[in-house]
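Q: Sharing a structure with you now.
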Amino acid sequence: MPRSTATATTATATSIFRKALGSDFDRLHPELQRRFGFSSQDRIACIGTGRMDQVWHGSRFVKQVLRLGSGCNILFPESGRDVAFTIANYAYRDGFDRETVTFVRTFQFTRPRRFDATMIASERPNTVVDYLGTHQHLAVDLEFRVSPAGGLVITSGDQRVAALPGSPRCPGVLTGRARVHEWFDEAAGRFRIEVRVTNPVVGPVMGYRGSFTTEYVPVADGAGVPTYVRPVREQARS
């Protein structure tokens, strides 16, 4: 569905991650509270810059599958070490007036590769919906918890083909199960992240680990969110 024009909301916006975690949000390290605690009304963006110590993928077959998703910025077939990395997190109201946060990750291989996602609060408790790709082809339920050291652990659940009528669920054998762990390393003054995606049939699919620093930049209301981080098409289903 093409992006629609929504009437500006007058309600107080709350971080979708604070909403998902509830009182546990306050157990996050203060730097993670800052990174995941802003909403569209704060008019800021979090821009991370760093390097991934390792980016990997599974078997040769898995590599070919990953190649299929690269055209719409869902995963990619490259691997490497010491890969330059950026992540752009902008909060805004989307065309359906939903509080939305972008996760646009760019990996600087010989050919830069992007892994795009936009996240919204789910109608289901304690859940965020992660729309993947330039056209929000896939919708993935994400569950959040706080690690004992104040890090954020994200695990993926049900996956649906949002681009099809009724958003049918993907069979488990065809999906990748993701686990993300992000935390703040006080000694280094950097965020660290580990991501691992597996499949019940083929095993390891892809992942990366590394670190980055962040800066918080002002964003003009609505129009200040750059076009390149927004999906080409938005899906109404959540």
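Coordinate-derived values only; no laboratory data. What you see is a predicted model, and the numbers here were worked out from it, not measured in a lab. All Cβ positions, glycine included, derive from the backbone under ideal geometry; neighbour counts span all protein chains shown.
Q: Between Leu174, Leu28, Leu138, where does the largest GNM mean-square fluctuation fall for the chain, given springs only between Cα atoms within less than 10 Å?
A: Fluctuation is largest for Leu174.
Q: Which of the GluC sites (Glu not before Pro) across the range 51-151 are loop residues per DSSP, with 14 or fewer other Cβ within 10 Å?
A: Hits after loop and neighbour filter: Glu123.
Q: Exposure proxy check: Val101, Val232, Val195 ranked by fewest other beta carbons within 10 Å?
A: Val232, Val195, Val101
Q: Looking at the chain as a GNM with Cα springs under 10 Å, which of Thr155, Thr134, Thr110 has the largest mean-square fluctuation?
A: Maximum fluctuation in the GNM of the chain, among the listed residues, is at Thr110.
Q: Now for a different question. Averaged over all directions, how much area does the convex hull of the C-alpha atoms of the range 46-125 cover when projected, in nm²?
A: 6.9 nm²
Q: A further question follows. How large is the dipole of the chain about the Cα centre if only Lys and Arg carry +1 and Asp and Glu carry -1, each at its Cβ, rounded to the nearest 20 debye? Numbers along the way, then the final one.
A: On the way: 31 positive and 23 negative charges, 147 e Å.
Roughly 700 debye for the chain.
Q: To continue, here is another question. Starting from the Kirkwood Rh over alpha-carbon pairs, what translational D in µm² s⁻¹ does the chain have by Stokes-Einstein at 37 °C and 0.692 mPa s? Please report the intermediate quantities before stating the final value.
A: Working: Rh = 18.2 Å.
For these conditions, the coefficient is 181 µm²/s.
Q: To continue, here is another question. Divide by every residue of the chain the summed helix terms, -39500 (n - 2.57) for each DSSP H run of at least 4, and state the resulting mean residue ellipticity at 222 nm, rounded to the nearest 500 deg cm²/dmol.
A: Taken over the chain, the calculation gives -2500 deg cm²/dmol.
Q: Determine the distance separating the Cα centre of the range 79-142 from the Cα centre of the range 167-238; give it in Å without decimals.
A: Each part's Cα centre sits 5 Å from the other's.
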